[in-house]
Every structure is written in C-alpha cells, then in structure tokens.
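Below is one structure, written out as structure tokens; comments come after it.
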Amino acid sequence: MRAAEQAVIASGVPEYDLMERAGAAAAEIVWRAGGSRDVLVLCGPGNNGGDGFVIARILRAKGVPVRVAALGESRTASSLRARAAWAGPVEPLQDAQPAGQLVDALFGTGLTRGLDPQAATELGRLVDLASHSYAIDLPSGVETDSGALLSPVPRFGVGIALGAWKPAHLLYPAAGRMERLQCAEIGVAAPSDVGRLAPPSLHPPAGDEHKYSRGLVAVVGGEMAGASLLASHAAARSGAGMVRRMAAAMETGGPDAIVTIGAQTAAEVERALDDRRLAAVLAGPGLGRDDRARERLNIVLQSGHPLVLDADALNILSEGGAGPLPAGAILTPHEAEFTRLFGDRSGSKIDRALEAARRSRCIVVYKGADTVIAAPDGRARIASHASSWLSTAGTGDVLAGLVAGRLAVTRDALRAACEAVWLHGEAARRAGAAFIADDLIERLPGAIARRL
Ligand SMILES: NC(=O)C1=CN([C@@H]2O[C@H](COP(=O)(O)OP(=O)(O)OC[C@H]3O[C@@H](n4cnc5c(N)ncnc54)[C@H](O)[C@@H]3O)[C@@H](O)[C@H]2O)[C@H](O)CC1
Ligand SMILES: [K+]
C-alpha cells in the first residue's frame, strides 16, 4: 500500500490530495450510516490523524455536530494542513466527552508500538460509550501486517479500509475487532498476489456432460466411518459428477447416490484407485493413524491422482509415516496440524501459509476463524468473518469433501480450494445458529445456486 501510495504521489498527485480523498470517502460512509448524529473524531499525530481532521471538516459542513480530540501535535505536513483547515476547537484526548458516534483516526498503518495505556483506555471508553464506531483505515493498536494487538483494542462497528485491505482487516485477533468491513476507494490501486477471498463464479454442467466428465471423486475412508461419510456427502453435493467411498469396513449409511465399496486391504484400495477417470482423491477424514492407515495413505500418495489431504493424513505425514508428499496436492490443516506439519515459524499467518505452500509445492488451506489459502507461486486469499458456529465437530470433514468435489469439477487446485472455502462459509451463513456439520451439506446446493 505504501509503495502504491508513493507511486501515485510520484505521478504528481500531492499526498494531501490522497488525504482529502481518503477523508471524503470515509466521511461519506459515516454520513450514510449515522446521518446527523453527533460525532467525536479522535486524531493522532500522523496522517491517520490527518484523515480524521478532513472527516471532521466534511461532516461539519454537512451540518453534523462534530467535536475533535487530538493525541498530541500533528507531525506531518499533510496532517498539519488538514488540522489548519479544521475551523473548530481541538480538545486534548484525555478530556474528551463521549459522543453518539466515535471515529478513531489515532493510528493506522504507521503504528510502531502499542498505544500508551492512558490513550488505549480513553479509546476503549469512548468507543464503548458510542452507539456507532468507525476505525479509520485500521483500529488503533493493531499491527498492520500480522493482525496482532499491540495494545488493548475495542470492538468497532465498522472498519473503513483506505484504498485496499491490509492483512489486519482479515487476520485475527484484529479482524475480530471490526464487526463490518468497508473499503473506501481513493484512486490508489495496490495490485497484490494476496487478497480477500471473493465470492466465486460457478457454472452449471454443460448439456453434454456426464457423471465422469463432471468429475469422479474417491474418498478413502478408515476406522471412523462417520468422518469419511460426511466428507463423501459434501463431495456429492459439491457439483461433482460422482463419489466413490472406499470404506475400510462394510458400512451402510449415507445417500444412495454415494457408491460405497469395501476396501479393507491396501491392495483393494490400490485396485479401486486404479481408474484414470478419477479427478480427485481425498484421504484423511476418519483415516486413523495406525499401520493400516499409513499403508492406505501410501497407496493414495502413489496413485498419481489429484489429491486432497486432510486430518489424519496430515498427521501421518507429520510423523513421517508416509510420503513423499506429491507436488500439487491440496492440504487442509487446522492450526495444530499446520504447526505439526510445517513447524512453529514466525511471521503473519499469511507469511507462514505462503512459506508452507512454497516449501511443500502444494496448495495450503490454513484453516481457522481466518482461513488463508496459499499457493506455491505466491498467490494467497484470505477468508475471515466466517460464522463462529463452524467450530463444531465434522465441519472440517465437510470442507475436505467440498474441496475434493470442487477439484473434480474445476481440475484447478487453487480455484477449487477458494470455491470450497467460500461455499463452506456461505452454507454456514445459511444454516444460521447452532447447526451441525450435516446441516451444512444440505445447504450446499443453495449456496452453489446463488453463485451461478
Ligand atoms: N492510501 C492510503 O492508505 C492513505 C493513507 N493515509 C493515512 O495515512 C496513515 C498512515 O499515516 P502515518 O503517518 O504513516 O502513520 P499513522 O498516522 O498511523 O501514525 C504514525 C505516527 O504516530 C506515531 N506513533 C506510532 N505509534 C505510536 C504510539 N504507539 N504512540 C504514539 N505515537 C505513535 C509515529 O511516530 C508517527 O508519527 C494511514 O493509516 C491512513 O490513515 C493517507 O492520509 C491517505 C492515503
Ligand atoms: K485508526
């Protein structure tokens, strides 16, 4: 973002123009949401504070009762100019009285350390006493590139990103301090390989498709039948043409549309995978971690098919019980599985996911409240603000099945992972509250229909 800003400035746009654009765009969002309800703008010493003075001036010109409280003197040319253009009084932050709407323009991308305790306390008090609160660019106190909290950060109603999303808009804990996100256009394009996961464009099957051309998925089960059945069921409702479940023991259950075959021995798994029509093979959910599971996983890894590896398959790989990991697979670890597989490294969740993808030459779906999908070529998509109700048993099995299904449909690993993560989140939004993993599967066709 800094580089993009500098490029625009180098092209002849004065920095102050960017501040005016940012302030005007943010003021518009506040005006549309809060009308003429009274506003208190907190202005910091840098350009974030400068944005705040512009916002205050514009809202006041619209007749909104606006007060400004500042944290110290303005230290940049642009913020001094914005402050001079604000005709009203500026009170010290510690004396500020609460208002119906609170605009936080203390710090943005220039925060270098946590707020001093008194300022953090004041900010928290004023946000909590406001009925509407807005964080300009970022909530003050968050670390821009990692989403870490450098000092206590209150929960804002709206995070108004200026020009482009920053990692802290999408990575927890910072992402959890903004209920809603809005990105204000200010004419600065920051093209990046890393972006926010967007709703996918999906397509119905062409008229001449058949179940194999639409994509045949195999799910290799193990000792826990339920998990591989959830994954198979999700794959079946993902848009794929057909799902074949290789059960370790003769089990019944699940929709008749899923073809369950008994594959107790590794040899039987090998024979069942010897089918060049297979477009995706999933192993992991319910696989188990004993010798038989390791043997089954090795058959899968050597099968030559496009792979999705989840849960126990990842744990067996971490223990060195199978391998090598074929390039181009899709891995879907949660936090603990990721750390076991790739180690406990430093850097933001985005950096760690990209490093893991590069090292493994696989697509890594690093799950969590914020899910980062990273590719070996440096591209990454971040999905955050998923329903917190997803923290229930089996939703990971559903996602793994969904990834395999979309891989069978698209034959494109990064695209399949992105579509699956989005559909998984959308199914949860549709399921509402207190749902179980099975409920997500029922809502997949509706989620897909919405994106056709
Ligand atoms: N395209 C855009 O994104 C635009 C962004 N703008 C705004 O500019 C800020 C970034 O401005 P900058 O001056 O670099 O940083 P900050 O205003 O966030 O603050 C830096 C300022 O504060 C001092 N400081 C840092 N940490 C602390 C602390 N804990 N306590 C006290 N003081 C601290 C530091 O020394 C600096 O003096 C961006 O977020 C946008 O809001 C442009 O205005 C428009 C285009
Ligand atoms: K801010």
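Just to be sure before I move on: is T339 β-branched (V, I, T), modelled with pLDDT of 95 or more, surrounded by fewer than 21 Cβ atoms within 10 Å (Cβ to Cβ) and under 29 Å from the mean Cα position of the chain (by Cα) in the structure I sent?
yes
Condition check: away from ligand 1 (no atom under 16 Å from the Cβ), of a type in the set (K, R), on the phi < 0 side of the Ramachandran plot and crowded, with 24+ Cβ neighbours inside 10 Å. Does R244 satisfy that?
Working: away from ligand 1 (no atom under 16 Å from the Cβ): yes; of a type in the set (K, R): yes; on the phi < 0 side of the Ramachandran plot: yes; crowded, with 24+ Cβ neighbours inside 10 Å: no.
So R244 does not fit the description; no.
Got a sec? Which of R177, R214 is under 30 Å from G262 (Cβ atoms) and charged (D, E, K, R)?
Exactly one of R177, R214 is under 30 Å from G262 (Cβ atoms) and charged (D, E, K, R), namely R214.
Can you confirm whether L314 is closer than 18 Å to V403 by Cα and touching a Phe, Trp or Tyr at 6+ places or on another chain (Cβ under 9 Å)?
Details: closer than 18 Å to V403 by Cα: yes; touching a Phe, Trp or Tyr at 6+ places or on another chain (Cβ under 9 Å): yes.
So L314 fits the description; yes.
So which of D275, D291 ends up being open to solvent by 40 Å² or more (accessible area, probe 1.4 Å) and either in the same structural domain as A437 (by TED's automatic domain parsing) or under 20 Å from L423 (Cβ atoms) (or both)? Walk me through it before giving the result.
Values: D275 fails: open to solvent by 40 Å² or more (accessible area, probe 1.4 Å).
Answer to the selection: D291.
Within segment 1-16, restricting attention to residues that are open to solvent by less than 70 Å² (accessible area, probe 1.4 Å) and more than 9 Å from ligand 1 (Cβ to nearest atom), which residue is farthest from I58 (Cα to Cα)?
Within segment 1-16, the first condition is being open to solvent by less than 70 Å² (accessible area, probe 1.4 Å), and the residues that meet it are 1, 4-5, 7-9, 12-16.
Those left that are additionally more than 9 Å from ligand 1 (Cβ to nearest atom): 7, 9, 12-14.
Values: A7: 27, I9: 23, G12: 24, V13: 21, P14: 19 Å.
This residue is A7.
Please go through segment 32-78 and give me each residue that is part of a strand (DSSP E or B) and within 11 Å of ligand 1 (Cβ to nearest atom), ordered by number. Please lay out each step first, then the result.
So the first thing to find is which residues in segment 32-78 are part of a strand (DSSP E or B), and the list is 39-43, 66-70.
Scanning segment 32-78 gives a single hit, C43.
Would you check which residues across segment 33-79 are without any contact (Cβ under 8 Å) to a residue 60 or more places away in the chain, of a type in the set (D, E, K, R), away from ligand 2 (no atom under 16 Å from the Cβ) and touching a Gly at 6+ places or on another chain (Cβ under 7 Å) and list them? Give the steps one after another, and end with the answer.
Keep residues of segment 33-79 that are without any contact (Cβ under 8 Å) to a residue 60 or more places away in the chain, which gives 35-36, 45, 49-50, 53-54, 56-76.
If we keep only those that are of a type in the set (D, E, K, R) too, we end up with 57, 60, 62, 67, 73, 75.
If we keep only those that are away from ligand 2 (no atom under 16 Å from the Cβ) as well, we get 57, 60, 62, 67, 73.
Of everything in segment 33-79, just one residue is without any contact (Cβ under 8 Å) to a residue 60 or more places away in the chain, of a type in the set (D, E, K, R), away from ligand 2 (no atom under 16 Å from the Cβ) and touching a Gly at 6+ places or on another chain (Cβ under 7 Å), namely R60.
Return the only residue of A22, A27 being assigned by TED's automatic domain parsing to the domain that holds F156, under 20 Å from P139 (Cβ atoms), within 16 Å of ligand 2 (Cβ to nearest atom) and touching a strand residue (DSSP E or B) at 6+ places or on another chain (Cβ under 6 Å).
Numbers: A27 fails: touching a strand residue (DSSP E or B) at 6+ places or on another chain (Cβ under 6 Å).
Selected residue: A22, the only one of A22, A27 that is assigned by TED's automatic domain parsing to the domain that holds F156, under 20 Å from P139 (Cβ atoms), within 16 Å of ligand 2 (Cβ to nearest atom) and touching a strand residue (DSSP E or B) at 6+ places or on another chain (Cβ under 6 Å).
Given the criteria closer than 30 Å to S11 by Cβ and within 14 Å of ligand 2 (Cβ to nearest atom), does A161 qualify?
Judged against the criteria, A161 is a match.
Would you check if A190 is among the hydrophobic types (A, V, I, L, M, F, W, C), closer than 30 Å to L115 by Cβ and in contact with a helix residue (DSSP H, G or I) (Cβ under 7 Å, 6 or more places away or on another chain)?
For A190, the condition - among the hydrophobic types (A, V, I, L, M, F, W, C), closer than 30 Å to L115 by Cβ and in contact with a helix residue (DSSP H, G or I) (Cβ under 7 Å, 6 or more places away or on another chain) - is met.
Considering (1) within 15 Å of ligand 2 (Cβ to nearest atom); (2) modelled with pLDDT of 95 or more, say which one W86 fails and leave the rest.
(1) is the only condition that W86 fails.
Kindly indicate whether A85 is hydrophobic (A, V, I, L, M, F, W, C) and surrounded by fewer than 22 Cβ atoms within 10 Å (Cβ to Cβ). Walk me through how you get there before you give the answer.
Numbers: hydrophobic (A, V, I, L, M, F, W, C): yes; surrounded by fewer than 22 Cβ atoms within 10 Å (Cβ to Cβ): yes.
Spelling it out, A85 is indeed hydrophobic (A, V, I, L, M, F, W, C) and surrounded by fewer than 22 Cβ atoms within 10 Å (Cβ to Cβ).
Would you pick out the residues in segment 26-45 that are within 27 Å of the chain's Cα centre (by Cα), among the hydrophobic types (A, V, I, L, M, F, W, C) and surrounded by fewer than 22 Cβ atoms within 10 Å (Cβ to Cβ)?
If the condition is that a residue be within 27 Å of the chain's Cα centre (by Cα), among the hydrophobic types (A, V, I, L, M, F, W, C) and surrounded by fewer than 22 Cβ atoms within 10 Å (Cβ to Cβ), then I29, A33 are the ones that fit.
Do any strands (runs of 3 or more DSSP E) lying entirely in segment 95-192 carry at least 3 residues that are within 23 Å of R37 (Cβ to Cβ) and open to solvent by 50 Å² or more (accessible area, probe 1.4 Å), and which ones are they?
On the way: elements: 101-105, 132-136, 156-162, 178-184.
Hits in segment 95-192: 178-184.
Go through (1) under 20 Å from L129 (Cα atoms); (2) modelled with pLDDT of 95 or more one by one and return the number of the condition V54 breaks.
Condition not satisfied by V54: (1).
The values are calculated or read from the model by the stated rules, or taken from the named source; none is laboratory data. Small disclaimer: the values here were computed from a predicted structure and weren't measured. Cβ sites come from the backbone with ideal geometry, for glycine too, and all protein chains shown count toward neighbours. Just the protein is used for accessible areas: all its heavy atoms, side chains included, with ligands, DNA and RNA removed. Shrake-Rupley method; radii C 1.70, N 1.55, O 1.52, S 1.80 Å.
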